[in-house]
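In what follows, a structure is listed as structure tokens, so that the remarks can point back to it.
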2 protein chains.
Amino acid sequence: MHKQTIQTSTNKYDVIIGEGLLTNIAEYFPKRYTNILIITDSAVRSLYAETIQTGLKSHCDNIGIATVPAGEASKSIDYYYQLLTEAVDHHLDRKSLIIALGGGMIGDLAGFVAATYMRGIDFIQVPTTILAHDSSVGGKVAINHPKGKNLIGNFYPPVAVIYDVKTLTSLPAKEIRSGYAEIVKHGFISRKAFLDQIMKTNLRNTLDPYDLVDQLQKGIAVKARIVEQDEKENDIRKFLNFGHTLGHAIEAELGYGNITHGEAVAIGMLFAIRVSEQIFQVELPYDSLLQWLKENNYPLTISSLNIEHVIDRMKLDKKSENAIVQMVLLEKIGQPKIVNLEDQVLKKHLEIFIRELG
Amino acid sequence: MHKQTIQTSTNKYDVIIGEGLLTNIAEYFPKRYTNILIITDSAVRSLYAETIQTGLKSHCDNIGIATVPAGEASKSIDYYYQLLTEAVDHHLDRKSLIIALGGGMIGDLAGFVAATYMRGIDFIQVPTTILAHDSSVGGKVAINHPKGKNLIGNFYPPVAVIYDVKTLTSLPAKEIRSGYAEIVKHGFISRKAFLDQIMKTNLRNTLDPYDLVDQLQKGIAVKARIVEQDEKENDIRKFLNFGHTLGHAIEAELGYGNITHGEAVAIGMLFAIRVSEQIFQVELPYDSLLQWLKENNYPLTISSLNIEHVIDRMKLDKKSENAIVQMVLLEKIGQPKIVNLEDQVLKKHLEIFIRELG
């Protein structure tokens with residue numbers, strides 16, 4: 001078991017990572033709660049909700065479970081309101097707890113319910129995907145609006161993150177790839193030794209729990225150090241966007257569901273590395289990343305993309321200002337830098353990149 | 001013009017009170033904004049929205065107005081979501097401003113929109129009622145749920161409160177009574193000299209702007225000192241509930257719209273004073289408050305109330321714990337104290353009080 005403390009501007013909380021934490025989850029609670037609502041999705045519920053409920057029985061009398069359908073579509077105003085009503089019906093009061101059991105979607109949705117129910121009650125993140133190592137730290141909670149992802153939300157940190165790697169080793173291959181892309185990102189923007197360690201990991205074999213705990217906690221530490229310095233994303237928090245400017249555009253162009261978030265970010269990182277090499281005249285491990293992605297079956301075929309559409313999407317990115325595309329590039333590993341790119345320059349880089357990737 | 005600074009746990013902001021501030025409102029902004037959305041209600045819009053919009057033209061190119069129907073029913077999830085959509089359509093970004101122009105309902109609703117749009121953008125309160133002197137300070141924003149008033153919300157302070165008393169002198173008499181009851185409350189829980197000053201004010205005459213600025217700023221100072229010490233209502237913020245335990249119950253029993261919030265609180269204060277006198281064996285100005293309320297046409301007829309129903313309502317109050325009624329009483333003027341009351345004791349006090357009031 002590994003524990004690290006995240007310090008935010010308003011409070012601090014522990015991220016606990018280990019094997020088999022779910023069976024006795026209350027052990028890791030920061031305090032006692034008499035009334036708990038577990039919010040989860042239809043896919044995760046059958047796997048873990050009852051385990052947690054049973055384990056909590058000695059801690060607490062009143063444990064409810066509220067379920068929404070699996071998938072990003074549940075991050076809507078309607079499900080948000082439905083969950084608030086379930087919180088009322090379950091008699092949650094200001095001293096009660098919400099547990100967000102699931103991936104990033106559940107963390108965002110249940111976190112926003114907790115942030116706004118009676119002006120904010122405690123919530124604990126229990127992530128069940130590798131990708132959620134990223135979203136469960138940093139205090140961002142939100143739902144979607146038809147005109148913008150995560151458009152409605154708060155900065156509202158959990159009181160604890162309890163991360164049981166037992167839930168991760170049986171994930172579908174594409175979910176493992178998706179989550180690992182964010183770990184790779186944390187490697188690139190922090191230090192070479194961590195990146196080298198990840199590049200030795202073979203995602204096609206069953207993941208070793210010891211390695212997984214180690215790499216997750218290192219990834220979380222990278223993110224935590226950044227958000228502790230810049231919680232509200234005025235400055236260096238943008239570094240976490242490495243690979244995401246093109247990544248988000250690919251995700252949207254190919255259609256959510258056709259490529260996972262992390263798989264799209266993986267291609268985005270390749271692109272950011274290529275652009276970095278040319279702009280800063282440095283050598284970066286483009287080839288070794290490409291090889292690792294291929295070995296681990298990341299989808300890399302993007303020749304069907306319409307470059308004009310992709311550039312339009314990149315301009316719409318929330319982090320872009322005044323319709324100029326902003327990318328996170330690398331002067332070297334562990335040294336990210338924000339760079340604005342003119343449309344024509346961007347287009348040329350993209351054309352070469354897509355041709356090269358094939 | 002009077003200015004006072006409110007310090008919260010996360011930021012600080014100015015409350016500016018004066019005559020004729022609306023015509024050149026941007027003078028009091030803490031910084032420049034390029035995109036502004038004024039949120040107001042159908043009653044206030046025709047009175048002041050265009051004045052503000054015209055005055056802002058030299059400050060800013062892009063000023064929108066979004067309107068909801070007047071009345072508490074607009075503090076709903078549907079209007080909340082509609083306003084978020086209007087914020088998107090008006091292209092508000094993270095650097096934009098929302099102005100909450102109206103009474104407490106608008107402050108709560110527009111404040112919650114600002115608190116959650118893109119995880120929080122700046123908002124400025126422009127109160128147009130006396131009652132809003134109370135709600136515009138303290139950082140509480142919220143909408144209602146059918147099962148509870150203010151059940152969905154945040155703690156999210158404005159970046160400024162700009163209070164133009166010109167909007168107050170022409171209020172309907174019952175709105176003036178409603179607002180003044182909260183000023184009276186601030187007198188009772190702070191100091192005798194302030195209370196004596198209020199008791200000399202005749203609400204049936206046109207209010208003197210100089211006196212009004214003075215009394216509003218004193219009332220705000222009382223509230224500010226309390227919320228600065230206890231923003232999240234763990235402790236002394238409960239003192240602001242003086243008169244509200246019975247007040248809320250009367251408001252709900254008689255039906256919203258039949259008695260204003262402040263009028264109900266006025267009766268609640270009389271009751272709290274009577275109970276205080278008996279429990280602490282002290283003498284308090286029950287008679288002079290009663291006389292002032294009568295002179296100023298406060299409705300005081302509550303003989304139709306069903307005592308059992310009233311007690312049930314008092315138990316449902318958010319501030320009550322474990323179904324024991326909690327009241328704010330006075331050991332003397334300026335010295336409030338939280339007291340738990342058994343049902344039987346409460347019932348006896350209520351019976352005597354209602355009989356005495358007639």
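Details
- Counted residues, the range B:43-73 - those being outside any helix (DSSP H, G or I) and under 24 Å from the mean Cα position of the chain (by Cα): 7
- Failed criterion for A:Gln217 (all others in (1) more than 14 Å from A:Leu131 (Cα to Cα); (2) open to solvent by 10 Å² or more (accessible area, probe 1.4 Å); (3) touching a His at 6+ places or on another chain (Cβ under 9 Å) hold): (1)
- Filtering A:Ala100, A:Ala115, A:Ala66 for residues that are within 14 Å of chain B (Cβ to nearest Cβ), of a type in the set (Gly, Ala, Ser) and within 30 Å of B:Asp78 (Cβ to Cβ) leaves a single hit, A:Ala115.
- Qualifying residue in the range B:40-50 (condition: within 14 Å of chain A (Cβ to nearest Cβ) and over 30 Å from B:Lys218 (Cα atoms)): no
This table checks each residue for (1) open to solvent by less than 10 Å² (accessible area, probe 1.4 Å); (2) in a helix (DSSP H, G or I).
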residue: A:Ala221; (1), (2): no, yes
residue: A:Leu240; (1), (2): no, yes
residue: A:Ala249; (1), (2): yes, yes
residue: A:Val265; (1), (2): yes, yes
residue: A:Ile273; (1), (2): yes, yes
residue: A:Gln278; (1), (2): no, yes
residue: A:Leu284; (1), (2): no, no
residue: A:Ser288; (1), (2): no, yes
residue: A:Leu293; (1), (2): yes, yes
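- Between B:Ile250, B:Ile226, B:Ile279, the distinction of being over 30 Å from B:Tyr156 (Cβ atoms) and of a type outside the set (Lys, Arg) belongs to B:Ile279 only.
- Options B:Glu263, B:Glu251: the member that is under 23 Å from B:Ala70 (Cβ atoms), in contact with a strand residue (DSSP E or B) (Cβ under 8 Å, 6 or more places away or on another chain) and touching a residue at least 12 places away in the same chain (Cβ under 8 Å): B:Glu251
- Residues of the range B:139-178 that turn out to be more than 11 Å from every other protein chain (Cβ to nearest Cβ), touching an Asp or Glu at 6+ places or on another chain (Cβ under 8 Å) and of a type in the set (Gly, Ala, Ser), as a count: 2
- Residue among A:Leu92, A:Leu97 that is of a type outside the set (Gly, Ala, Ser) and touching a Cys at 6+ places or on another chain (Cβ under 9 Å): A:Leu97
- Qualifying residues in the range B:7-21 (those that are of a type outside the set (Ser, Thr, Tyr) and more than 10 Å from B:Ala160 (Cβ to Cβ)) - the one nearest to the other protein chains (Cβ to nearest Cβ): B:Asn11
- Test: residue in the range A:166-186 that is touching a residue at least 60 places away in the same chain (Cβ under 8 Å), assigned to a loop (DSSP other than H, G, I, E, B) and either touching a helix residue (DSSP H, G or I) at 6+ places or on another chain (Cβ under 7 Å) or outside the structural domain of A:Leu290 (by TED's automatic domain parsing) (or both): no
- Some residue of the range B:331-343 being of a type in the set (Lys, Arg), in the same structural domain as B:Val222 (by TED's automatic domain parsing) and closer than 20 Å to B:Phe194 by Cα: yes
- Any hit, the range A:253-275, residues being in the same structural domain as A:Val345 (by TED's automatic domain parsing), touching a helix residue (DSSP H, G or I) at 6+ places or on another chain (Cβ under 6 Å) and of a type in the set (Lys, Arg): yes
- Qualifying residue in the range B:243-252 (condition: modelled with pLDDT of 95 or more and within 23 Å of B:Gln4 (Cβ to Cβ)): no
- Test for A:Val137: is it touching a helix residue (DSSP H, G or I) at 6+ places or on another chain (Cβ under 9 Å) and not assigned by TED's automatic domain parsing to the domain that holds A:Tyr81: no
- Meets criteria (over 26 Å from A:Asn150 (Cβ atoms), among the charged types (D, E, K, R) and away from every other protein chain (no Cβ under 14 Å)) for A:Arg32: yes
- Filter result for B:Glu72 (free of Cβ contacts under 8 Å to residues at least 12 places away in the same chain and among the acidic types (Asp, Glu)): no
- When the criteria are applied in full, B:Thr67 fails the requirement of being under 25 Å from B:His261 (Cβ atoms), buried (at least 23 other Cβ atoms within 10 Å of the Cβ) and of a type in the set (Ser, Thr, Tyr).
Let's see how each residue does on (1) under 20 Å from A:Ile130 (Cβ atoms); (2) surrounded by fewer than 20 Cβ atoms within 10 Å (Cβ to Cβ):
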site	(1), (2)
A:His2	yes, yes
A:Thr5	no, yes
A:Ile17	yes, no
A:Ala26	no, yes
A:Asn35	no, yes
A:Thr54	no, yes
A:Lys57	no, yes
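- Here the helices (runs of 4 or more DSSP H) wholly within the range B:74-164 that include at least 3 residues being open to solvent by less than 20 Å² (accessible area, probe 1.4 Å) are B:77-89, B:104-116.
- Residues of the range A:103-112 that turn out to be away from chain B (no Cβ under 12 Å) and either farther than 12 Å from A:Ile143 by Cβ or within 13 Å of the chain's Cα centre (by Cα) (or both), as a count: 5
- Residue in the range A:165-180 that is surrounded by the most Cβ atoms within 10 Å (Cβ to Cβ), counting only those that are over 28 Å from A:Ala114 (Cβ atoms) and within 16 Å of the chain's Cα centre (by Cα): A:Tyr180
The values are calculated or read from the model by the stated rules, or taken from the named source; none is laboratory data. On a predicted model such as this, the values are computed, not experimentally measured, just so you know. All Cβ positions, even for glycine, are placed from backbone atoms using ideal geometry, and neighbour counts span all protein chains on display. SASA here: full protein model, heavy atoms, side chains in, ligands and nucleic acids out. Shrake-Rupley method; radii C 1.70, N 1.55, O 1.52, S 1.80 Å.
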